[in-house]
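Trainee: First the structure, then my questions, so here it is.
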Amino acid sequence: MQLSAFRILNYRSISDSGKISASRITALLGRNESGKTNLLRALSSLNPAEGFKALSPIKDFPRHRKLSECTDATKVVVSTWTLDDGEWEQLLEIWPRAKKGHEIEVGRRYSERRYVDITSRPLSFDPKTIAPKVKKVVQAVKAVASDLAEEKKAPLEAAADKFFEEASPGKDSAGWATATVAASEALGVALAKADAELTEKQDALLTELSDLATDIAGDEEAHKKARNWVIEHLPIFVYLDEYPEIEGHQDIAAFLKRTEQGSATPADSNFEKMCKVADLDPQRLHQLVNSNTEERNQLANRASAVISGELQKLWTDRRLKVRFNPDGNHLETFVSDSTKNFDVEVNLDERSRGFQWFFGFYMIFAADTDGGDKEGAILLLDEPGLFLHAKSQGDLLRHLEQDFSNQILYTTHSPFMVPTHRLDWVRTVNISEENGTAVTNDPTGDSKTLFPLQAALGYDLAQSLFLGGSNLVVEGVTDFWILSAISEYLASEGRVSLDPRLTITPAGGAQKIPYMVSLLVSENLDVLVLLDLEKDAVSTREGLVKDKLLRDQNVLSIGDAFEQTARPTEADVEDLLDAEVYERLVRESYVKELEGKALDINNRIPRLAKRVEAAFKKVGVDFHKTRPTRCLLNTMGTDPASVMSEEAVARFERLFSAINDRFGKHISRGAEPFN
């Protein structure tokens with residue numbers, strides 16, 4: 001059974017959530033205290049792993065409403081489900097009147113009862129059709145009786161009259177069915193006693209009425225069985241909210257004492273679930289402390305193998321081994337990451353909080369679904385991976401999607417848990433004083449609610465725009481604009497342009513280049529760097545090489561665009577343009593600000609952008625390189641020849657040739673920075 005939608009009502013912060021569509025994976029996105037947790041808690045109450053039970057009005061009914069408004073009949077969960085063909089086949093065998101293909105509604109109220117609504121075909125009870133058939137049967141029986149001796153004739157005619165009285169339909173189908181079943185049996189007995197037979201056609205008519213009555217009389221019982229079948233096949237909801245603590249140093253005697261006294265902690269409960277998965281009996285281990293060490297060790301060894309196997313079923317990308325070590329009254333749980341050469345065992349308590357979350361999550365899931373065999377179990381995860389690194393959160397999301405066939409609903413406010421590749425999985429959770437918690441199936445809400453989605457989309461956009469398998473890292477976005485536009489222009493003219501495999505990636509400033517390079521190299525991407533020609537670039541180059549981020553050959557300079565004899569002491573990307581062209585672009589993009597002002601540009605300042613910046617400062621105007629760059633892009637689209645002289649083309653071609661040459665050498669080395 002697949003959950004297709006649900007609606008939560010009258011539960012804590014929720015008056016009416018609205019209908020929430022459920023996907024294979026559903027992300028409930030909302031800010032803190034918006035009611036996300038209440039949605040999952042209410043939904044899990046429909047069929048929790050620990051067993052169905054009544055809800056507490058005092059604890060669970062919205063506090064701003066009168067308690068008298070809450071009764072056993074107050075609805076809490078309304079859910080709709082779809083069945084596959086095999087499930088429909090089973091259900092129709094129980095109750096043929098069910099309409100195949102329609103969704104089934106399952107809900108709960110505050111009482112300890114659930115209800116099931118199965119769409120069905122109407123009962124085929126038509127008094128206008130049934131009455132003539134009853135009359136024909138009665139006439140046929142009396143016709144047969146007329147040929148019999150009086151001692152047989154009278155009882156048979158009386159039976160026919162009784163059948164007519166009982167089987168003549170009224171408005172109550174159930175009452176008619178019960179009476180007709182009994183009357184049909186009585187008429188059959190009377191025919192047998194009279195040693196009389198109806199014709200084949202007449203007998204078929206009687207059988208038809210009897211079968212119809214039997215079907216209608218048993219319909220409610222079949223309907224009840226069908227409803228019970230739905231409840232029995234309803235997926236278990238495995239709800240995980242807080243950090244699932246399992247202690248790596250377990251005092252077995254103390255654990256058993258707390259369990260017997262009814263004072264078990266959540267950690268005790270989780271330990272018990274781990275023992276269930278491992279098929280390990282803590283009571284037996286305790287009994288063997290002083291009597292049979294060998295048997296105790298064998299039990300622990302077997303449990304270690306079992307739980308390692310269960311863990312490997314769910315975590316296929318890591319070779320993890322679990323070892324239980326009995327030590328007096330204590331049981332130590334060690335976990336190792338197996339490698340080709342050695343295993344390093346670390347006590348579970350000493351692993352990272354992120355790993356402990358993973359481990360606890362797996363144990364609870366496996367225990368609550370009898371080892372994970374129930375693929376239909378639905379996982380409800382409240383803020384999963386809260387203790388994980390951002391990248392690990394993304395890995396967790398992929399893991400849930402790729403390695404689980406279960407339906408999963410989870411809450412989050414982390415951008416890294418937003419499935420940007422499947423935004424149709426995202427539901428937004430909002431809360432207001434008037435209406436409480438409500439959910440929308442499309443991304444709407446206030447800025448705080450939508451921030452994780454906006455951040456996730458922004459990150460994805462940056463990745464798609466600026467990051468590729470092979471990257472040329474430049475200092476700023478204006479460098480990106482100029483190099484991209486002119487490379488595209490030169491390619492259209494059949495001139496030397498950048499290798500199309502290279503993605504120009506702006507770092508957001510010279511000081512951020514090492515961080516960008518480190519990020520890209522850590523992802524095993526091809527990286528070249530283009531630095532401005534200035535004194536700080538020397539230290540940046542040395543740092544990249546010294547820190548073993550890149551080979552020296554993977555770092556280029558704007559100076560590579562100039563012939564050796566004409567190489568300037570300093571240069572930016574803008575200096576590849578002619579000076580008069582750049583100054584014209586500046587004046588065109590600052591027409592209003594420069595009106596009535598005379599720019600005094602000092603040609604002794606090495607870099608064009610710096611010259612202009614100094615001149616603007618003298619006349620009290622702020623200068624931004626983006627404005628003349630945008631003007632350049634517009635002109636490249638309408639009149640490229642006016643900004644691209646042969647000298648400028650030659651400089652860009654020399655730079656692109658140098659970049660392509662270094663890129664080719666990098667690829668030939670196997671794309672390893674220090675190969």
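Trainee: Looking only at the stretch 70-107, how many residues end up being open to solvent by 10 Å² or more (accessible area, probe 1.4 Å) and assigned to a loop (DSSP other than H, G, I, E, B)?
Mentor: 14
Trainee: Just to be sure I understand the filter: pairs with C-beta atoms under 8 Å, separated by 6 or more residues or on different chains, first member in the stretch 219-237 and touching a residue at least 40 places away in the same chain (Cβ under 8 Å) and part of a loop (DSSP other than H, G, I, E, B), second member buried (at least 17 other Cβ atoms within 10 Å of the Cβ) and charged (D, E, K, R). Which pairs pass?
Mentor: Correct list of pairs: Ile236/Asp368.
Trainee: Note down all Cβ pairs under 9 Å where the first residue falls in the stretch 349-364 and is more than 18 Å from Phe404 (Cβ to Cβ) and among the hydrophobic types (A, V, I, L, M, F, W, C), the second is open to solvent by less than 10 Å² (accessible area, probe 1.4 Å) and not in a helix (DSSP H, G or I), and they're at least six residues apart or on different chains.
Mentor: Phe355/Val335
Trainee: Scan the stretch 640-647 and give yes if some residue there is within 28 Å of Leu528 (Cα to Cα), more than 50 Å from the chain's Cα centre (by Cα) and acidic (Asp, Glu), otherwise no.
Mentor: Among the residues of the stretch 640-647, at least one is within 28 Å of Leu528 (Cα to Cα), more than 50 Å from the chain's Cα centre (by Cα) and acidic (Asp, Glu), which makes the answer yes.
Trainee: In addition: Just to be sure I understand, how many residues within the stretch 279-315 are among the small types (Gly, Ala, Ser) and modelled with pLDDT of 90 or more? Working first, answer last.
Mentor: Within the stretch 279-315, the first condition is being among the small types (Gly, Ala, Ser), and the residues that meet it are 291, 300, 303-305, 308-309.
Filter again for modelled with pLDDT of 90 or more, leaving 300, 303-305.
Number satisfying all stated conditions: 4.
Trainee: Another question, if that's okay. Mind listing whichever residues of the stretch 515-538 are among the acidic types (Asp, Glu), surrounded by fewer than 21 Cβ atoms within 10 Å (Cβ to Cβ) and more than 31 Å from the chain's Cα centre (by Cα)? I'd like the intermediate steps shown before the answer.
Mentor: First, pick out the residues of the stretch 515-538 that are among the acidic types (Asp, Glu): 523, 526, 532, 534, 536.
Checking the rest, the ones that are also surrounded by fewer than 21 Cβ atoms within 10 Å (Cβ to Cβ) come to 523, 534, 536.
Selection gives Glu534, Asp536.
Trainee: Moving on. Any chance you could count how many residues in the stretch 147-197 are part of a helix (DSSP H, G or I) and closer than 18 Å to Ser124 by Cα?
Mentor: The qualifying residues number 10.
Trainee: Check whether at least one residue in the stretch 242-262 is crowded, with 16+ Cβ neighbours inside 10 Å, under 30 Å from Val106 (Cα atoms), of a type outside the set (Asp, Glu) and touching a residue at least 60 places away in the same chain (Cβ under 8 Å), and report yes or no.
Mentor: yes
Trainee: Cβ-Cβ distance below 9 Å, separation of 6 or more or different chains: which pairs start in the stretch 175-203 with a residue that is in contact (Cβ under 8 Å) with a residue 24 or more places away in the chain and under 15 Å from Ala140 (Cα atoms) and end on one that is open to solvent by less than 70 Å² (accessible area, probe 1.4 Å) and among the acidic types (Asp, Glu)?
Mentor: Short answer, once both residue conditions are applied: Ser184/Glu166.
Trainee: From the list Phe324, Phe355, which one is modelled with pLDDT of 85 or more and open to solvent by less than 60 Å² (accessible area, probe 1.4 Å)?
Mentor: Numbers: Phe355 fails: modelled with pLDDT of 85 or more.
Unique residue meeting the criteria: Phe324.
Trainee: Given the condition in a helix (DSSP H, G or I), more than 20 Å from the chain's Cα centre (by Cα) and exposed (fewer than 15 other Cβ atoms within 10 Å of the Cβ), answer yes or no: does some residue in the stretch 42-65 qualify?
Mentor: The initial filter retains those residues of the stretch 42-65 that are in a helix (DSSP H, G or I), namely 42-44, 57-60.
So of that shortlist, the ones also more than 20 Å from the chain's Cα centre (by Cα) come out as 57-60.
This time we only want the ones that are exposed (fewer than 15 other Cβ atoms within 10 Å of the Cβ), so: 58-59.
Checked the stretch 42-65: at least one residue is in a helix (DSSP H, G or I), more than 20 Å from the chain's Cα centre (by Cα) and exposed (fewer than 15 other Cβ atoms within 10 Å of the Cβ).
Trainee: Next up: How many of the residues making up the stretch 557-596 are open to solvent by 40 Å² or more (accessible area, probe 1.4 Å), of a type in the set (S, T, N, Q) and assigned to a helix (DSSP H, G or I)?
Mentor: 2
Trainee: Which members of the stretch 135-168 meet the condition of being among the aromatic types (Phe, Trp, Tyr) and modelled with pLDDT under 90?
Mentor: The answer is none; no residue qualifies.
Trainee: Further, regarding this structure: Could you say whether any residue in the stretch 217-230 is in contact with a Lys or Arg (Cβ under 6 Å, 6 or more places away or on another chain) and buried (at least 20 other Cβ atoms within 10 Å of the Cβ)? Outline the logic, then answer.
Mentor: Within the stretch 217-230, the subset in contact with a Lys or Arg (Cβ under 6 Å, 6 or more places away or on another chain) is none.
The answer is no; no qualifying residue exists.
Trainee: Here is a follow-up. So Ser269 ticks every box in (1) of a type in the set (Gly, Ala, Ser); (2) open to solvent by less than 20 Å² (accessible area, probe 1.4 Å); (3) within 30 Å of Leu386 (Cα to Cα) but one. Which box is left unticked?
Mentor: Condition not satisfied by Ser269: (2).
The values are calculated or read from the model by the stated rules, or taken from the named source; none is laboratory data. Everything numeric here is computed off the predicted structure, so don't read it as measured data. Don't worry about glycine lacking a Cβ; one is built from the backbone with ideal geometry, like all the others, and counts go over all protein chains shown. For the accessible areas, the whole protein counts, side chains as well, though only heavy atoms, and no ligand, DNA or RNA atoms are used. Shrake-Rupley method; radii C 1.70, N 1.55, O 1.52, S 1.80 Å.
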